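The values are calculated or read from the model by the stated rules, or taken from the named source; none is laboratory data. Worth saying up front: this structure is predicted, and the values here are computed from it rather than measured. In this analysis, Cβ positions are derived from the backbone assuming ideal geometry, glycine residues included, and neighbour counts consider all displayed protein chains.
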């Protein structure tokens, strides 16, 4: 089966950089368990994957995202 290349969803949205305050966008790239999705699954380009991981870690530190599932609060 031949599939087309995945297009980076961050590039496609036209965002210049990933913002750690945008919880809704960041939660798309985190599993139910709270782990960061790898590039091959999420389809994000290398530059945005680095920005995403930094943004997710910052959001976790500020309690915008949970470190692990079931521990909000």
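Quick one: in the range 56-65, of everything that is at pLDDT 95 or above and touching a helix residue (DSSP H, G or I) at 6+ places or on another chain (Cβ under 6 Å), which residue is nearest to residue 8 (Cα to Cα)?
Initial filter on the range 56-65 (at pLDDT 95 or above): 56-62.
The next check asks that each one be touching a helix residue (DSSP H, G or I) at 6+ places or on another chain (Cβ under 6 Å); those that pass are 56, 59.
Details: 56: 17, 59: 21 Å.
This residue is 56.
Considering only residues of the range 23-38 that are surrounded by fewer than 16 Cβ atoms within 10 Å (Cβ to Cβ) and free of Cβ contacts under 8 Å to residues at least 12 places away in the same chain, which is nearest to residue 57 (Cα to Cα)?
Here the residue is 35.
Quickly run through the range 42-73 and pick out the residues that are exposed (fewer than 15 other Cβ atoms within 10 Å of the Cβ), closer than 17 Å to residue 31 by Cα and in contact (Cβ under 8 Å) with a residue 24 or more places away in the chain.
If the condition is that a residue be exposed (fewer than 15 other Cβ atoms within 10 Å of the Cβ), closer than 17 Å to residue 31 by Cα and in contact (Cβ under 8 Å) with a residue 24 or more places away in the chain, then 54, 67, 68, 69 are the ones that fit.
Can you tell me which residue within the range 1-12, out of those that are assigned to a helix (DSSP H, G or I) and touching a residue at least 12 places away in the same chain (Cβ under 8 Å), is surrounded by the most Cβ atoms within 10 Å (Cβ to Cβ)? Break it down into steps so the answer makes sense when it comes.
Taking the range 1-12 as the starting set, the residues that turn out to be assigned to a helix (DSSP H, G or I) are 9-12.
From what is left, the residues that are touching a residue at least 12 places away in the same chain (Cβ under 8 Å) are 9-11.
Details: 9: 16, 10: 23, 11: 12.
Only one residue tops the list, namely 10.
Can you give me the ranges of the helices (runs of 4 or more DSSP H) entirely in the range 15-66 with at least 1 residues that are over 10 Å from the mean Cα position of the chain (by Cα)?
Filter on the range 15-66 gives 39-42, 46-61.
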